[in-house]
Amino acid sequence: MSKRLIIILYLIFLSFALYSQTKLSGVVVSSDDGKPIPNAHISLLNPSDKSIIVYTFSDEKGVFTIESVKSNEASEFILEVSFIGFQKYSVFHKTNPPDRLQIRLKNEPFEIKSAVVKAPRVSMRGDTLNYMTTGFVKEQDRSIGEVLRRIPGVVVDVSGQIKYNDKPINAFYIDGKNMLEGQYSIATNNIRPDLVTMIQVFENHQPVKALKKHQYSENAAINLTINPNAKARLVGTADVGAGISPLMWNFRLSMFRFAKSSQSMTILKSNNSGLDISSDLRLHSMGPESLLQQPDLSEQNMLNLSETTSAPLNIERTLFNTSHLASVNLLIPIAKDVQATLRVGYLNEKRTADNQQITTFIIDGPNDILITEISKTSKNDNVPSVDFTLTSNKEKIYVQNRVYGRIFFSDMSGTLSGSKNISQGLSQKQFDVAEIFSVIKPLKNTVLRFNSRTQVRSLPEELSIISDSIIQTVNLFQIKSNNVASTQIKAGWFRPEVTLGYNVSSQSLNSEISDMRKVQELSGDNNIRLFSSELFLSPTFRYDRDKIRLMLRVPIRMLGYNLKNINGASDTSTLFFRVSPSVSAIFSPWNNWEGSIMYSYGRNTQGDIQSMNPSFIMNNYRTLSEGYAGIIETGSHSSMMRITYRNALKLFSAGFNVNYIHRGGGTKHSVQYMDIFSIRKLLPDENNFNSMLSFRGNFSKVFFDSPLNLGLFVTHSISSGSYVQQTKNVDISSRTWQAEPSVSYSFGSSVNTELNIKAGITNRVDDRGYQSSLLSANSSLLNYIKLSPKVDVIFNLEHYLNKSSGQTSNSNLFADLKVNYRAGKSNLEISLKNIFNNNRYIYTGFSELTKVEKMYTLRPRSLMITYSVGF
C-alpha cells in the first residue's frame, strides 16, 4: 500500500513538473485603422490533427485571455484567430509566445447571397441566425433578457414569454441543452450578458430529433452560447442592497454551472423594495405542438375579495411586498441524448395594497349606479413546485416522461369602506399533480406517436364576510386525462396522418353559503358532478415543399356528457357528433418573404363545471353569479392571414396579420344591479353572438453604423357582442387603436438613449346611444451617460396619461436616477426612485357594462444602495 502511495505521489509531482498553468493574452485589431475587433474567435490547435485544444472570444475592446493553457516547454501549437470579414490569422508556435500579443487582421469583404458585408455582428447559416451579444448589449443591461429584446423579430412580453415573428418559441436552450423546458424566465432574468457570447435563433426548429425529417415546424428556438471562460466552473452574481423610505432590502444570489454534459442553476432572492420576482417561476407556453406536454396551470379560482383592475404602470411603482424565492434547476446526463432535468421552486410572498375605486354600473345615464370603495388588502402566498423530466431525444426514438406538482396556498384579508363597510378574508388552496408521457418512433416512411397527460386538480376556497357573518365555501375537484395516438406516412411531398384520441374528465363542484343577508331567494348550495368523454378521429393531409406547405385537417368527434345535480336530484346525459374542419397554407414566394392563411370552423361545448352552478355563488361581497345547469353548444368561425418579411443580415423584419373570429349560440351573460350588488347569470341563447376583427403590423430595424434601433407595433381591433342588463338586451361594439414606437440611439460609446411610447384609443358604443372613450399614452425615456470608465449614470423618465370621456385627464410624471461605480467585476449602485415623490395614480377604464376609476397608492421616494459582484 505504501509503495502504491509513493508511486501515485511521484506521478502527481511529475505531472506538475511537466505541465504548468500559463496565460496567453493579447488584443485583436484591424490592420487598416487599428480599431479593436470584438468577438473574434481565438483558438489553439494541435499541429498533428488540427483539433482544438482551447478557445475563447475577444471582448468589446478586442482583448482576450486564455487562462487554462496547459503546456510544457517543448509544447507546440497553432494560434488561429478569425472573424467574419477578415483574413484568418494562423501562426505556428514551438514555444510560449510573449505575454501580450497584438494580432492585426487584414480586412477581407465577403459575399453571402449576393450581399457584401464587412465584419457583421450577425451571420446566417441555413435556418440558424447568429447574433453576437456584444453587438446588441448596452452598458446598462443587467440580464440577457434585456439583450434579447433588441434582436430583430424577437418580442419579450410583460409575462416574460418570448415570441419570434409573433409565434411562441418552442425551445429555449443553453449551450444546446434544454434544462428549463418552458420555465426559461429564470434564465433570461438572471444570466448576465457577459456570460453569453452569442444568441442563436433556430428558425423553423424541430426540437424532437425523431421528427426532423418528417414534420415541418413554424416555430423558432433560442439558444444561448455560453462564454468559454464561464464553462465548467461556478459563475454567477451576488447582490446585496439596503435602502430607506421605508426601510428596504434586496438580496440575490445567482449561481450557474454550465459544463459539457451537465448544467445547474440556483437562484435565491429576497426583497421588500417592489421588485416582482414571481415571474422567475412562470411556466410559458411553448407553442401549439407542446400543449399536451405541459401541465395546465390556468387560473380557475371562483372567489375574490373585490373586483379590481391592474395599474398600467411599471409594477415596481405599485408593489408593496415582502418576497422570498428559491429555485434549483439541474440537468443530469444519463447517456448519449438521454437526460434528466429537475426544477424545484418555492415562492413566499406577502403583498399589501391601499387603493380607492369608484365603480359605475352603466345602465342608461340617469340611472347609473356608483359605488365608492376604499380598500386595504393583505395577501400572503406560499407556492412550492417540483418538475421532473426524463427525456431520450434520439433520431431513432423520442421518449419523455414528466411529473409535475405544485401547491398554491393563499391567505387574504382586507377592509372596505365607502358605500358599505366590510371586513373580510379569503383562503385559497390549489393542488396540481400532472403526469405526462410521450413517445415518437420514426420508421422508414412512417412516424408513430403517442402522448398522454393526466392531471389532478383540487381548489378549495373560503370567503368570509366577517362584518356580515357570511361564509361562502367552494370546492372544485378535477381529474382530466388526454390521450392521443397518431401515425404519419411520408409519400414524396405528401404526408397523410391519422390521429386517434380519447379524452376523459371527471369534475365536481360543491359550494355552501351561510346567512346570505337573510335574502332567501338568493340562497342555496351547489353539489354537481360532470363526467365528460371525447372520442375523436382526425385525418390530416399535408403537402410540404420548400415554397409551399398545405394542410387540411378534418377532426370527427363524438362527445358525451353526464351532468348530475345532487341537490336537485337531476341527471342529464347528452351526446354530440361533430366535424370541425380547418385548412391552412404557408408559402414563401421569394427569399425572406413568408405568408400564411388559415380558416377553421367548429362547434364546441361548454366543458368546465365552473359555469354550471344552478344556485348562486358569492364571488365577492357584492357579486353573485349563477351558471347554466346544462350542456350548451357554440359555433365559431376563425380565419387568419399573415405576411412577414425578414432580412437577417440587414437586421430588418416586418410583418402584418389579420385575424377574424365569430362565435354564435351558447350562452349570454345577464347582469342585474340591485343597490350595490351585481347579480350575474348565464342564459341559453341560440342567437347570441360576439365577433372580433383585428389588424396588427410590426417592424424592427437595427443600424449598426449609426448605431440606431427602430421598432414599431400597430394594432387595430373591432369587437361586438350582446348582453342582457336589467332584463333588457344590449348590443355593444368597440374599436381600439394602439401604437408602440421605440427608438434607441447611441452617441458614441458614452451616451445611449432609449425612447418607448405606448398610445391607444378605445371607443365604446351600445344600441341605447351610450358612448364612452378612453385615451391613454405612456412613454419612457432612458438615458445612459458614461462619465468615466468606472462611473456611469442612468436617468429614467416615465410619463403616464389617460383620459376618459367626460372627465379631466390624469397625468403623472416619474423620474429615477441610478449611479454605478464599477471596479473589475464589482459594481456599486446608488438608486433614487420616484424623485418627484408621486404618491397617487388615477386610472380610468371600462369593460362592456362597467366603468372603473381607480386611485392607486404608489411607493414613495426611496434611496437604495446595492453592491453587486460577479464571479
inquiry  = ASP468 - would you say it is more than 35 Å from the chain's Cα centre (by Cα), charged (D, E, K, R), farther than 30 Å from VAL554 by Cα and open to solvent by less than 50 Å² (accessible area, probe 1.4 Å)?
reply    = yes
query = Which residues, counting only those in the stretch 805-822, are in contact with a strand residue (DSSP E or B) (Cβ under 7 Å, 6 or more places away or on another chain) and not in a strand (DSSP E or B)?
reply = SER805, GLN807, SER809
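Yes or no, residue by residue, for (1) over 30 Å from ASN527 (Cβ atoms); (2) surrounded by fewer than 16 Cβ atoms within 10 Å (Cβ to Cβ); (3) touching a residue at least 40 places away in the same chain (Cβ under 8 Å):
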| site | (1), (2), (3) |
| --- | --- |
| TYR628 | no, no, yes |
| HIS637 | yes, yes, no |
| GLY655 | yes, no, yes |
| THR667 | no, no, yes |
| ILE679 | no, no, yes |
| LYS728 | yes, yes, no |
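For the stretch 148-167, give me each residue that is open to solvent by 20 Å² or more (accessible area, probe 1.4 Å), among the aliphatic types (A, V, I, L, M) and in a strand (DSSP E or B). Show your work before the answer.
Going residue by residue through the stretch 148-167, those that are open to solvent by 20 Å² or more (accessible area, probe 1.4 Å) are 149-150, 155-159, 161, 163, 165-167.
This time we only want the ones that are among the aliphatic types (A, V, I, L, M), so: 155-156, 158.
Across the stretch 148-167, the qualifying residues are VAL155, VAL156.
From the list PHE541, PHE576, which residue is aromatic (Phe, Trp, Tyr) and either open to solvent by 50 Å² or more (accessible area, probe 1.4 Å) or in contact with an Asp or Glu (Cβ under 6 Å, 6 or more places away or on another chain) (or both)? Can you show your working first?
Working: PHE576 fails: either open to solvent by 50 Å² or more (accessible area, probe 1.4 Å) or in contact with an Asp or Glu (Cβ under 6 Å, 6 or more places away or on another chain) (or both).
Criteria check complete, one pass: PHE541.
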query = Given the conditions (1) open to solvent by 30 Å² or more (accessible area, probe 1.4 Å); (2) within 21 Å of SER779 (Cα to Cα); (3) of a type in the set (Ser, Thr, Tyr), which single one is not true for SER804?
reply = (1)
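What do you reckon, is THR225 part of a strand (DSSP E or B), open to solvent by 10 Å² or more (accessible area, probe 1.4 Å) and under 24 Å from TYR164 (Cα atoms)?
The answer is yes for THR225.
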inquiry  = Looking at SER310 and the list (1) crowded, with 20+ Cβ neighbours inside 10 Å; (2) within 21 Å of ARG282 (Cβ to Cβ), which single condition is not satisfied?
reply    = (1)
query = Which numbered condition trips up VAL671, out of (1) surrounded by fewer than 17 Cβ atoms within 10 Å (Cβ to Cβ); (2) within 17 Å of GLN725 (Cβ to Cβ); (3) among the hydrophobic types (A, V, I, L, M, F, W, C)?
reply = (1)
request  = Taking ILE643 as meeting all but one of (1) open to solvent by 20 Å² or more (accessible area, probe 1.4 Å); (2) at pLDDT below 90, write down the number of the exception.
outcome  = (2)
remark   = Checked the stretch 730-779 for anything open to solvent by 60 Å² or more (accessible area, probe 1.4 Å), polar (S, T, N, Q) and under 22 Å from ILE151 (Cα atoms); matches are SER749, ASN756
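Can you find even one residue in the stretch 839-858 that is under 30 Å from LYS138 (Cα atoms), touching a residue at least 40 places away in the same chain (Cβ under 8 Å) and open to solvent by 20 Å² or more (accessible area, probe 1.4 Å)?
Just the residues of the stretch 839-858 that are under 30 Å from LYS138 (Cα atoms), to begin with: 858.
Checking which are touching a residue at least 40 places away in the same chain (Cβ under 8 Å) leaves us with 858.
Next cut, open to solvent by 20 Å² or more (accessible area, probe 1.4 Å) only: none.
Scanning the stretch 839-858, I find no residue that is under 30 Å from LYS138 (Cα atoms), touching a residue at least 40 places away in the same chain (Cβ under 8 Å) and open to solvent by 20 Å² or more (accessible area, probe 1.4 Å), so the answer is no.
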remark   = Going through (1) touching a Phe, Trp or Tyr at 6+ places or on another chain (Cβ under 9 Å); (2) at pLDDT 90 or above one by one, GLU512 fails only at (1)
task = Can you confirm whether the stretch 521-532 contains a residue that is assigned to a loop (DSSP other than H, G, I, E, B), open to solvent by 70 Å² or more (accessible area, probe 1.4 Å) and free of Cβ contacts under 8 Å to residues at least 60 places away in the same chain?
result = no
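At pLDDT 95 or above and closer than 28 Å to LYS490 by Cα: is that true of TYR502 in this structure? Let's see the steps before the verdict.
On the way: at pLDDT 95 or above: yes; closer than 28 Å to LYS490 by Cα: yes.
So TYR502 fits the description; yes.
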message = Within the stretch 370-393, does at least one residue satisfy the condition of being open to solvent by less than 40 Å² (accessible area, probe 1.4 Å) and on the phi > 0 side of the Ramachandran plot?
response = no
task = All but one of (1) on the phi < 0 side of the Ramachandran plot; (2) open to solvent by less than 40 Å² (accessible area, probe 1.4 Å); (3) among the hydrophobic types (A, V, I, L, M, F, W, C) hold for LEU651, so report the exception by its number.
result = (1)
task = From the list LEU283, LEU305, LEU253, LEU275, pick out the single residue that is open to solvent by less than 50 Å² (accessible area, probe 1.4 Å), modelled with pLDDT under 95 and in contact with a strand residue (DSSP E or B) (Cβ under 6 Å, 6 or more places away or on another chain).
result = LEU305
inquiry  = Exactly one of these conditions fails for GLY145: (1) at pLDDT below 90; (2) in a helix (DSSP H, G or I). Give me its number.
reply    = (1)
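Got a sec? Which of ASN647, ASN659, ASN620 is within 29 Å of PHE703 (Cα to Cα) and not hydroxyl-bearing (Ser, Thr, Tyr)? Break it down stepwise before answering.
Values: ASN659 fails: within 29 Å of PHE703 (Cα to Cα); ASN620 fails: within 29 Å of PHE703 (Cα to Cα).
After ruling out the rest, the residue left standing is ASN647.
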ask   = Say we look at the stretch 333-343 and pick out the residues that are open to solvent by 60 Å² or more (accessible area, probe 1.4 Å) and in contact with a strand residue (DSSP E or B) (Cβ under 7 Å, 6 or more places away or on another chain); which of these is farthest from TYR173 (Cα to Cα)?
value = ILE334
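Mind listing whichever residues of the stretch 565-581 are of a type outside the set (Gly, Ala, Ser) and assigned to a strand (DSSP E or B)? First the steps, then the outcome.
Let us first name the residues in the stretch 565-581 that are of a type outside the set (Gly, Ala, Ser), namely 565-567, 571-572, 574-579, 581.
Result: ASN565, ASP571, THR572, THR574, LEU575, PHE576, PHE577, ARG578, VAL579.
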note = Of the residues in the stretch 170-205, those that are out of contact with any His (no Cβ under 9 Å at 6 or more places or on another chain) and at negative phi number 25
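Considering each of VAL498, VAL456, VAL447, VAL474 in turn, give the residue that is part of a strand (DSSP E or B), of a type in the set (Val, Ile, Thr) and in contact with a helix residue (DSSP H, G or I) (Cβ under 8 Å, 6 or more places away or on another chain).
Details: VAL498 fails: in contact with a helix residue (DSSP H, G or I) (Cβ under 8 Å, 6 or more places away or on another chain); VAL456 fails: in contact with a helix residue (DSSP H, G or I) (Cβ under 8 Å, 6 or more places away or on another chain); VAL474 fails: in contact with a helix residue (DSSP H, G or I) (Cβ under 8 Å, 6 or more places away or on another chain).
So the residue among VAL498, VAL456, VAL447, VAL474 that is part of a strand (DSSP E or B), of a type in the set (Val, Ile, Thr) and in contact with a helix residue (DSSP H, G or I) (Cβ under 8 Å, 6 or more places away or on another chain) is VAL447.
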request  = Specify which of the listed residues (GLY414, GLY405) is part of a strand (DSSP E or B), within 30 Å of LEU370 (Cβ to Cβ) and open to solvent by less than 50 Å² (accessible area, probe 1.4 Å).
outcome  = GLY414
ask   = How many residues, within the stretch 322-332, are surrounded by 20 or more Cβ atoms within 10 Å (Cβ to Cβ) and in contact with a Gly (Cβ under 9 Å, 6 or more places away or on another chain)?
value = 3
remark   = Taking the stretch 118-142 and the residues there that are in contact (Cβ under 8 Å) with a residue 60 or more places away in the chain and assigned to a loop (DSSP other than H, G, I, E, B), the one that is nearest to ILE794 (Cα to Cα) would be GLN140
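State which residue is nearest to ASP608 (Cα to Cα) when the search covers only the stretch 544-553 and only residues that are in contact with a Pro (Cβ under 8 Å, 6 or more places away or on another chain) and either open to solvent by less than 40 Å² (accessible area, probe 1.4 Å) or not in a loop (DSSP other than H, G, I, E, B) (or both). First the steps, then the outcome.
Let us first name the residues in the stretch 544-553 that are in contact with a Pro (Cβ under 8 Å, 6 or more places away or on another chain), namely 547, 552-553.
With the extra rule that they be either open to solvent by less than 40 Å² (accessible area, probe 1.4 Å) or not in a loop (DSSP other than H, G, I, E, B) (or both), the set shrinks to 552-553.
Details: LEU552: 29, ARG553: 25 Å.
So the residue we want is ARG553.
The values are calculated or read from the model by the stated rules, or taken from the named source; none is laboratory data. Remember, predicted model here, so these are calculated numbers, not experimental data. A quick note on method: Cβ atoms are made from the backbone with ideal geometry, for glycine too, and the neighbour counts reach across all protein chains shown. Quick note on the areas: whole protein, heavy atoms, side chains included, nothing else; ligands and nucleic acids left out. Shrake-Rupley method; radii C 1.70, N 1.55, O 1.52, S 1.80 Å.
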